[in-house]
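Let me give you the structure first, and then I'll get to my questions.
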Amino acid sequence: LRDYEGAGGGDVYYRLNAGEFPIVTEVWPAGVQKGSTTEVKVAGFNLGGQTWAKVVAAPASSWGATFEFQMQTPSGPLLYPVRLAVGQDPEVFQHPENDSLKSAQRVPLPVTINGKLFDGIVKKAAQRDGHASLASTSSPPSPTRGIQRSLSQYYRFSARKGQQLVLEVMARRLGSPLDSEIEILSPEGNPIERAVLRAVGKTEQVLNDRDSASSGIRLQAWDDFHINDYLLIGREVMRIRALPEGPDNDMVFRILRGQRLGYFGTTPEFHSLGSQAYKVEVHPPGATFSPNGFPLTKVYYRNDDGSPLYGKDSHLDFAAPADGDYYVRISDARGQQGEDYTYRLMIHEPRPDFKVFMSPDNPNLPRGGGVAIEVSCERYEGFDGPIDVRLDGLPTGFSASATTIEAGETSANILLTAAPEGVPAGKDKPAPIKLTALAVIMGRDIVKAIEPDNGSRLVTILPDPDIRMTTDVREVVIRPGQEAEIEARVERLGNFGSRVPVNVMNLPFGVRVMDVGLNGVLITEEQDSRKFKLYCEPWVKPQTRAIYVFGDVEGGVRNAAAPLVLRVEHASAKADPKKPGAHIWAR
């Protein structure tokens, strides 16, 4: 036994199990409805002839919920528990021969469909040749994976005009090899148009190729591009998160879980050097325009990979254009099928929801200083509203600001500070700190909390900081399309004499630091202050939030100034010269 890369060491550990252990390698169906008690069919090794197992599902479930179940065999419990999905809707099974529009299987809504993308031909041949299969024996299933014979299966459902539906596949997330693709078809079996993309600008990809995950792509020119614009490269629609800060910087696109997001059901893909990139406007289905020399692109209700939340599983948001019946076609994106190509296809109205996270879980902060806690969220099934977040359960001597994850955004920051007195340095403070989040979904207040592991989080108090940061103002007032100026000041403590990079955190989306240069906002060794400007995009909505100016200590611990209040006012608002912060108007 060795490491594939030849690694070794005290942290390269393993457990090796050898013996006649009972193991389940395949289970059917791959999930059950919440609160139900049912039997699933199993196949594997050393099961003692058992082909069925009783499963009791939890009485409640949430988005993407799964659970582990254990079964007893004559040889004892399974070596590894089996993971199944928990569905919220009534469950049905795929009917055989639903491989055409004419024979499409009608299903009610809401519904969870348990299916296999397999036409049974190889299965019958395997049984004839004496090979085992899930349907015939309790031995390991026959090797019928990845058959190169294209197959589509069809389901028929009814919807009202304007009815919002979510179609979601669970396959890869449950261990199935299926790389699903789904498409919604009209009653006549034709693709349904989702939007028309009108190109209004053009550039091209330069420098190098880019994979399907990268957040940044280098473009030749971007004079006519703005934050939040949609770009079409190949078959992928992406959205601009940040413009390049200079000629040697990439255009930054929206990401989730470290992977680029595709919009309107398109799938992020590899883009080669020289690929054409079009700035596009999004218009309703059927829209027509006078020619402008650029292409029109129609987007249909079709999806391969849902998003970083779904991996290789498909996901579609569908708005029915008229009353009537519709078809959903499911297939493998590679044209494959097989006996173990199982899936769960869920069709239901949206159930908006969210989940919040914090990082770091166990913060380290200097006595008398502050540290930024990143609060991120995942949004499910159309929820796009603001989320208010705060830290509760702080011990004496600590305080934290509250903040809001803006509508449509996925992260914000909270400033956690430790008082200069009463908190001894070098001490770990176990505390029941929890992150509490509040959002309004469909008129109801939804509160979620991240409780600390084992009842407490560990807050480590570091020695006194090397610097102390302040600013010349405590309130910053800015209007859309304008700039505001702030002066960051640093007091060096002890013998610290190095330069101090300045970073601004928790800015609302659309407000950014200007003129950062190659080294960002930097207070050099000879300076004790630096002025910089904030710019507010014209579309930023009026709001008030706390922002934090940090001084980074290279090789040490960063420290923050006291929180600033940033007020974005209406574009028509007039500055009051007697109001605090009014002197920072720039233009």
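The values are calculated or read from the model by the stated rules, or taken from the named source; none is laboratory data. Predicted model only: the values in this text are computed from it and were never measured. FYI the Cβ positions are ideal-geometry reconstructions off the backbone, even for glycines, and counts take in every protein chain you see. Protein only, heavy atoms only, side chains kept; ligands, DNA and RNA dropped before computing areas. Shrake-Rupley method; radii C 1.70, N 1.55, O 1.52, S 1.80 Å.
Please tell me if Asn98 is touching an Asp or Glu at 6+ places or on another chain (Cβ under 8 Å) and buried (at least 18 other Cβ atoms within 10 Å of the Cβ).
Taking the combined requirement at face value, the residue does not satisfy it.
For the stretch 492-535: of the residues being over 21 Å from Ala412 (Cα atoms) and among the polar types (S, T, N, Q), which is surrounded by the fewest Cβ atoms within 10 Å (Cβ to Cβ)?
Asn495
List every residue pair whose Cβ atoms lie under 7 Å apart, where the two residues are 6 or more positions apart in sequence or sit on different chains, the first residue falls within the stretch 491-505 and is in contact (Cβ under 8 Å) with a residue 60 or more places away in the chain and under 25 Å from Lys533 (Cα atoms), and the second residue, located anywhere, is in a strand (DSSP E or B) and of a type in the set (Lys, Arg).
Pairs that qualify, where the first residue is in contact (Cβ under 8 Å) with a residue 60 or more places away in the chain and under 25 Å from Lys533 (Cα atoms) and the partner is in a strand (DSSP E or B) and of a type in the set (Lys, Arg): there are none.
Do the conditions hold for Ala159, that is, is it under 28 Å from the mean Cα position of the chain (by Cα), in contact (Cβ under 8 Å) with a residue 24 or more places away in the chain and open to solvent by less than 20 Å² (accessible area, probe 1.4 Å)?
So Ala159 fails the test.
Can you name the condition, by its number, that Arg329 falls short on among (1) within 30 Å of Ser103 (Cβ to Cβ); (2) out of contact with any Phe, Trp or Tyr (no Cβ under 9 Å at 6 or more places or on another chain); (3) part of a strand (DSSP E or B); (4) open to solvent by 20 Å² or more (accessible area, probe 1.4 Å)?
Condition (2) is where Arg329 drops out.
Related question: Answer yes or no: is there a residue in the stretch 306-319 that is open to solvent by 40 Å² or more (accessible area, probe 1.4 Å) and not in a loop (DSSP other than H, G, I, E, B).
yes
Yes or no, residue by residue, for (1) surrounded by 10 or more Cβ atoms within 10 Å (Cβ to Cβ); (2) in a loop (DSSP other than H, G, I, E, B):
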position: Arg2; (1), (2): no, yes
position: Glu5; (1), (2): no, yes
position: Gly9; (1), (2): no, yes
position: Ala18; (1), (2): no, yes
position: Thr25; (1), (2): yes, no
position: Gly35; (1), (2): yes, yes
position: Ala43; (1), (2): yes, no
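Does Ser180 satisfy the criteria of being open to solvent by 40 Å² or more (accessible area, probe 1.4 Å) and not acidic (Asp, Glu)?
For Ser180, the condition - open to solvent by 40 Å² or more (accessible area, probe 1.4 Å) and not acidic (Asp, Glu) - is not met.
Can you report the number of residues in the stretch 536-566 which are of a type in the set (Lys, Arg) and either in a strand (DSSP E or B) or exposed (fewer than 15 other Cβ atoms within 10 Å of the Cβ) (or both)?
The qualifying residues number 2.
Considering only the stretch 174-194, state which residues are of a type in the set (A, V, I, L, M) and either at positive phi or in contact with a Lys or Arg (Cβ under 8 Å, 6 or more places away or on another chain) (or both).
Leu174, Leu178, Ile182, Ile184, Leu185
Is there a residue being assigned to a strand (DSSP E or B), among the hydroxyl-bearing types (Ser, Thr, Tyr) and either touching a residue at least 12 places away in the same chain (Cβ under 8 Å) or buried (at least 17 other Cβ atoms within 10 Å of the Cβ) (or both) anywhere in the stretch 270-277?
no
Does Asp361 satisfy the criteria of being modelled with pLDDT of 95 or more, of a type outside the set (Phe, Trp, Tyr) and open to solvent by 40 Å² or more (accessible area, probe 1.4 Å)? Walk me through it before giving the result.
Values: modelled with pLDDT of 95 or more: no; of a type outside the set (Phe, Trp, Tyr): yes; open to solvent by 40 Å² or more (accessible area, probe 1.4 Å): yes.
Here the answer is no, as Asp361 does not meet what is asked.
Quick check on the stretch 45-60: of everything there that is open to solvent by 60 Å² or more (accessible area, probe 1.4 Å) and part of a strand (DSSP E or B), which residue is nearest to Gly19 (Cα to Cα)?
Phe45
Next question. Check the stretch 190-200 and report whether any residue there is over 30 Å from Val540 (Cβ atoms) and out of contact with any strand residue (DSSP E or B) (no Cβ under 9 Å at 6 or more places or on another chain).
yes
Report yes if some residue within the stretch 66-83 is within 30 Å of Glu349 (Cβ to Cβ), crowded, with 17+ Cβ neighbours inside 10 Å and in contact with a helix residue (DSSP H, G or I) (Cβ under 8 Å, 6 or more places away or on another chain); otherwise report no.
No, the stretch 66-83 contains no residue that is within 30 Å of Glu349 (Cβ to Cβ), crowded, with 17+ Cβ neighbours inside 10 Å and in contact with a helix residue (DSSP H, G or I) (Cβ under 8 Å, 6 or more places away or on another chain).
Residues checked against (1) outside any loop (DSSP other than H, G, I, E, B); (2) open to solvent by less than 20 Å² (accessible area, probe 1.4 Å); (3) hydroxyl-bearing (Ser, Thr, Tyr); (4) at pLDDT below 95:
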{"site": "Thr112", "(1), (2), (3), (4)": "yes, yes, yes, no"}
{"site": "Gly115", "(1), (2), (3), (4)": "yes, yes, no, no"}
{"site": "Lys123", "(1), (2), (3), (4)": "yes, no, no, yes"}
{"site": "Ala126", "(1), (2), (3), (4)": "yes, yes, no, yes"}
{"site": "Leu134", "(1), (2), (3), (4)": "no, yes, no, yes"}
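Considering only the stretch 448-475, how many residues are basic (Lys, Arg) and open to solvent by less than 40 Å² (accessible area, probe 1.4 Å)?
Counting residues in the stretch 448-475 that are basic (Lys, Arg) and open to solvent by less than 40 Å² (accessible area, probe 1.4 Å) gives 1.
Looking at the stretch 366-375, is at least one residue touching a residue at least 24 places away in the same chain (Cβ under 8 Å), buried (at least 19 other Cβ atoms within 10 Å of the Cβ), among the hydrophobic types (A, V, I, L, M, F, W, C) and closer than 18 Å to Ala449 by Cα?
Yes: one or more hits.
What about Arg379, is it assigned to a strand (DSSP E or B) and either in contact with a Pro (Cβ under 9 Å, 6 or more places away or on another chain) or modelled with pLDDT under 95 (or both)? Break it down into steps so the answer makes sense when it comes.
Numbers: assigned to a strand (DSSP E or B): yes; either in contact with a Pro (Cβ under 9 Å, 6 or more places away or on another chain) or modelled with pLDDT under 95 (or both): yes.
Against the criterion (assigned to a strand (DSSP E or B) and either in contact with a Pro (Cβ under 9 Å, 6 or more places away or on another chain) or modelled with pLDDT under 95 (or both)), Arg379 qualifies.
A follow-up question, please. Of all residues in the stretch 242-265 being in a strand (DSSP E or B) and under 15 Å from Asp224 (Cα atoms), which is modelled with the highest pLDDT?
To start, the set of residues in the stretch 242-265 that are in a strand (DSSP E or B) comprises 242, 251-253, 255-256, 259-260.
Now drop any that are not under 15 Å from Asp224 (Cα atoms), which leaves 242, 251.
Values: Ala242: 93, Met251: 96.
Among residues in the stretch 242-265 that are in a strand (DSSP E or B) and under 15 Å from Asp224 (Cα atoms), the one modelled with the highest pLDDT is Met251.
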